[in-house]
Amino acid sequence: MSTQQVKFSDEALLECQKIIKRYPEGKQKSALIPILHIAQAENDGWLSSATMDKVADLLQLNPIEVYEVATFYSMYNLKPVGKCILEVCKTVPCWLNGAEDLVAYLEKKLKIKVGETTPDGMFTIKTVECLGSCGTAPMLQCGANYHENLTESKADALIEKLRTENTRKNYTDII
Amino acid sequence: MGKQLLLENINVEGIRTLEVYRKMGGYASVEKAIKTMSPDAVTEEVKKSGLRGRGGAGFPTGMKWSFLAKPAGVPRYLVCNADESEPGTFKDRYLMEYIPHALIEGMITASFALGANKSFIYIRGEYFYISRILEHAIGEAYAAGWLGKNILGSGFDLDLTVQVGAGAYICGEETALLESLEGKRGNPRIKPPFPAVKGLYGCPTVVNNVETIAAVVPIVNHGGDEYAKIGLGKSTGTKLISASGNINKPGVYEIELGVPVEEFIFSDEYCGGIANGRKFKACVPGGSSVPILPADLMLKTSSGENRLMTYESLSEGGFATGSMLGSGGFIVYDDRACIVRSTYNFSHFYRHESCGQCSPCREGTAWMEKILHRLENGLGRIEDIDLLWDVQGKIEGRTICPLGDAAAWPVAAAIRHFRHEFEYHAKYPEKVKDPKHTPPPMPSLATVG
């Protein structure tokens, strides 16, 4: 895939330009992490090497400077993912409140394992580290939204809602 | 409920808006500081208050500020650490989500004190929706003249920017945070130089936690001496505690430092006791990095005194019989919790979050996870316990940043206080294969400590 195929809407480009201006002269590399979030949201929820090259162009960086950042942070996906990534927190406070049961329930319901995507490309299940939602455990994040105090019936309702909406959920969504 | 300095107005309808926040007395600290005080006088009040960094390390804030280098013609930066990712900690999220202006007000007052004209709030990427709340509130503050050029006609300019991260616990370490803010991998820097001399973009920088910066507001409003009267001894003021685990009332509580631990766990004002009528087994009082303590040592120190919610009392007895206040991430375990599984869970976390720069941490965290994985799954040997002890001891103190210590301490404390559970795992592999097995009972209290 070439950088020409990378999607960036006019609106997204405008947002990138605004971000670039936030930093002192000559420090535009600071815009890299926020712009990678936008690039991911614009390109089906993941960063291909073409997308990363495009971001490098945009910020006048060497591609390696983008790759090394994209591979360091856990919120960037380097492979295609489902429209809705169900990121279940499994760290101790959630574990004490049934996170393992929640993961098992989602696996059974969606007939996939953690790390896998449903054949229709709708859902990916991930387990993640503490999301700062320990007082409302167990929980999962999907896009910008935190879904907290989950039970099996709440998880059912959430999956139903996400299926009906049938849209990609991004961290950058305005909720 | 004791004195409320940060959350007093959290339930006021519309407090998220500038209008209501202002009506409740908001932005008074900015007016007072800019119109009636010199920057150094503000720093002096913070010193007098005895405020200690609320992110976990507990370093005196006023002292940190006074270390800031001030060479002429070089910009200085204030960076707020809103990367909150210490497991068990969710207080900063609560504060930013519900009273965003409390942080913004603190940022303005603190930036004035430090002579910073460009400040940043670095927030963890997962809190993206909160970055929108902050940005909206910052927009309101610009429109009302609290931010921008010539604030209150004083000639003081300040720009405030929210920067999101992208998922990395290590970016809560201040030099890793600065690297990340510069658009790089979050690899901690070798110190010295400290950020106070060479921080963001190579310029003098102060990095403070959200709650620390918010606490500057009441300190300036009421004076450092008044603030220091709240709390107990060197643990001055109030602290936000994130209470989670097997309790009846999880949530964020603002406590006056000095509340007895027993009261905090069992009174209806706070945690409301252990959920489902279970027994209190253990507690991690200050976020995942601090030592776990069994119930008896959590409630009373080894010398038999009531344990209090202060920096000093929680660390009484050192690591042999004490723990730390840390970030105030207070995780409570009931008697069903298997400490080996909990320790394995934490060790997985640290292995995942190690940045990989220092060999002892990169390799050590992976080994600890591997050994704990086999013990947890009934494949361990009795020698694994000593091996684990040996590995953790070889990480502590041998890394650039404190992540290595943070990974080692929970393992050390679990073995120190719950060795019998590790032995049980090695001796009865069939019994522990069920992740929900009943852990063995505590040996008699006399053997603890």
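The values are calculated or read from the model by the stated rules, or taken from the named source; none is laboratory data. Predicted, not measured: the structure shown is a model, and the values here were computed from it. Because the Cβ atoms are built from the backbone with ideal geometry, glycine has one as well, and the counts that use them run over all protein chains shown. Heads up: the accessible areas ignore ligands, DNA and RNA and are worked out on the full protein's heavy atoms, side chains in. Shrake-Rupley method; radii C 1.70, N 1.55, O 1.52, S 1.80 Å.
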Open item on the list: Please compute, for peptide B:172-183, the average count of beta-carbon atoms on other protein chains lying within 10 Å of each residue's beta-carbon.
Closed with: 3
Open item on the list: What is the angle, in °, between the Cα long axis of helix B:100-114 and the longest principal axis of the Cα atoms in chain B? Nearest 10 is fine, range 0 to 90.
Closed with: 70 degrees
TODO: Can you work out the accessible area per residue across region B:339-447, with the rest of the protein chains kept in place, probe 1.4 Å, in square angstrom?
DONE: 45 Å²
- [ ] Averaging sequence separations of C-alpha pairs under 8 Å and six or more residues apart, then dividing by the length of chain A, give the relative contact order as a whole percent.
- [x] 20 percent
Open item on the list: Just to be sure I understand: if you take the accessible area of chain B alone plus chain A alone and subtract the pair, with a 1.4 Å probe, what total do you get in Å², rounded to 100?
Closed with: 3900 Å²
- [ ] Take the Cα radius of gyration of region B:37-164 and divide it by 2.2 N^0.38 Å, with N its residue count; two decimals is plenty.
- [x] 1.06
Open item on the list: As a test of understanding, state the convex hull volume per residue of region A:10-72 from its alpha carbons, in Å³.
Closed with: 76 Å³
- [ ] Over region A:84-174, with every protein chain in place, what whole percent of the accessible area is carbon and sulfur at 1.4 Å, could you tell me?
- [x] 51 percent
Task: region B:18-229, accessible area per residue, ligands and nucleic acids excluded (1.4 Å, Å²) - done: 31 Å²
Task: Under-5 Å amide H pairs with residue B:161, H placed in peptide plane, nonlocal only - done: B:119, B:120, B:121
Open item on the list: Between 0 and 90 degrees, rounded to the nearest ten: what's the tilt of helix B:39-49 against the longest Cα principal axis of chain B?
Closed with: 30 degrees
- [ ] Output the Kirkwood hydrodynamic radius of the protein assembly as shown, Cα pairs only, in Å rounded to one decimal.
- [x] 25.1 Å
Task: Whole-Å distance, taken between Cα centres, linking region A:42-100 and region A:17-34 - done: 20 Å
- [ ] Run the dipole for chain A about the Cα centre, Lys and Arg Cβ at +1, Asp and Glu Cβ at -1, nothing else charged, and hand back the magnitude in debye, nearest 20.
- [x] 20 debye
- [ ] Give, rounded to the nearest 20 debye, the magnitude of the charge dipole that the protein assembly as shown has about its Cα centre when Lys and Arg contribute +1 at Cβ and Asp and Glu contribute -1 at Cβ.
- [x] 560 debye
Open item on the list: I want the local charge near residue A:23. Using Cβ-Cβ distances under 11 Å, sum +1 for each Lys or Arg and -1 for each Asp or Glu among the other residues.
Closed with: +2
Task: Candidates B:172, B:404, B:148: whichever shows maximal mean-square fluctuation once chain B is modelled as a Gaussian network with Cα springs under 10 Å - done: B:148
Open item on the list: For chain B, what does the helix formula give at 222 nm: sum of -39500 (n - 2.57) over DSSP H segments with n ≥ 4, over the residue count, nearest 500 deg cm²/dmol?
Closed with: -12500 deg cm²/dmol
Task: Accessible carbon and sulfur surface of chain B relative to its total accessible area, %, 1.4 Å - done: 53 percent
TODO: With N denoting the number of residues in region A:84-174, provide Rg(C-alpha) divided by 2.2 N^0.38 Å, to two decimal places.
DONE: 0.99
Task: Cα-only radius of gyration and Dmax that characterise region B:224-362, units Å - done: 15.7, 47
Open item on the list: Using the Karplus curve 6.51 cos²θ - 1.76 cosθ + 1.60 with θ = phi - 60°, what ³J(HN,Hα) values do you get for each residue of region B:174-187, in whole Hz, with x for Gly and Pro?
Closed with: 4, 6, 5, 4, 5, 4, 5, 5, 7, x, 10, 4, x, 8
TODO: Roll a 1.4 Å probe over the protein heavy atoms and report the accessible area of residue B:255 in Å², nearest 10.
DONE: 0 Å²
TODO: For region B:18-229, calculate the relative contact order in percent as a whole number, restricting contacts to Cα pairs under 8 Å that are 6 or more residues apart.
DONE: 32 percent
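Taking a temperature of 20 °C and a viscosity of 1.002 mPa s, what whole-number D in µm²/s does Stokes-Einstein yield for chain B with Rh from Kirkwood over alpha carbon pairs?
So the translational diffusion coefficient is about 95 µm²/s.
What translational D, rounded to a whole number of µm²/s, comes out for region B:339-447 from Stokes-Einstein when the hydrodynamic radius is the Kirkwood one over Cα pairs, at 25 °C and 0.890 mPa s?
176 µm²/s
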Open item on the list: Once the cut-off is 24 Å, how many percent of the Cα-Cα pairs in chain A end up in the long-distance tail?
Closed with: 42 percent
Open item on the list: I'd like the distance separating the alpha-carbon centroids of region B:201-255 and region A:102-119, in whole Å.
Closed with: 41 Å
- [ ] Report which residues of region A:123-154 become buried by 30 Å² or more of accessible surface when going from the isolated chain to the complete set of protein chains (1.4 Å probe; DNA, RNA and ligands ignored).
- [x] A:129, A:130, A:131, A:132, A:134, A:135, A:146
